[in-house]
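Visitor: One structure coming up, written as structure tokens, with questions to follow.
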């Protein structure tokens, strides 16, 4: 019996088998959580805005030296028309657009500042596909944080805004845009 070949052990008794099982379990759980989150079955972290597809606005406070108080405020209808000229709508549905419209409470609201930043960035250019301000804000805020919405000079971070525009289009349309130039056209 000393010369009998060793009987193979179960894959559960090997370290690679155990690691494979753990990795498969983690992958399955992660996929399930992602699927539930995508379908909206998991509760949102933002309890104040449970039914919203975008975050509630924040108020940004530029420093007194960098505040744009010397410029007359643009009324929301005019601002919305200027955004439409560069192919940006307030929201992807009329309900979302109405919510965003209500967030233009003053020139320091995040949506107002973001709108003005998009207008400056896209001067004499426009998005090839319609962009949605609520989705752009989602990605810009994710990039810089709501506490750090403006840079030291009281403006938006230009590169992060460009990236937010790219991510917003990729998110909304399922595109694979990589550069800002791929998003825009002259008009």
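A quick yes/no check of all residues on (1) under 29 Å from residue 185 (Cβ atoms); (2) under 19 Å from the mean Cα position of the chain (by Cα); (3) at pLDDT below 50:
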position	(1), (2), (3)
32	no, no, no
45	no, yes, yes
52	no, yes, yes
61	no, no, no
117	yes, yes, no
124	yes, no, no
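Visitor: Applying the selection to the stretch 149-165, what residues are in contact (Cβ under 8 Å) with a residue 12 or more places away in the chain and part of a helix (DSSP H, G or I)?
Guide: 158, 160, 161, 162, 163, 164, 165
Visitor: Here's a follow-up. Which of the residues that make up the stretch 89-116 are within 18 Å of residue 157 (Cβ to Cβ) and surrounded by fewer than 21 Cβ atoms within 10 Å (Cβ to Cβ)?
Guide: 108, 109, 116, listed by residue number.
Visitor: Something else: Restricting attention to the stretch 169-182, does a residue exist that is buried (at least 19 other Cβ atoms within 10 Å of the Cβ) and in contact with a helix residue (DSSP H, G or I) (Cβ under 8 Å, 6 or more places away or on another chain)?
Guide: no
Visitor: Inside the stretch 104-148, can you point out the residues that are assigned to a loop (DSSP other than H, G, I, E, B) and out of contact with any strand residue (DSSP E or B) (no Cβ under 9 Å at 6 or more places or on another chain)?
Guide: If the condition is that a residue be assigned to a loop (DSSP other than H, G, I, E, B) and out of contact with any strand residue (DSSP E or B) (no Cβ under 9 Å at 6 or more places or on another chain), then 104, 107, 123, 129, 145 are the ones that fit.
The values are calculated or read from the model by the stated rules, or taken from the named source; none is laboratory data. Note that this is a predicted model, so its numbers are computed, not measured. Heads up, the Cβs are rebuilt from the backbone with ideal geometry, glycines too, and the neighbour counts pull from every protein chain shown.
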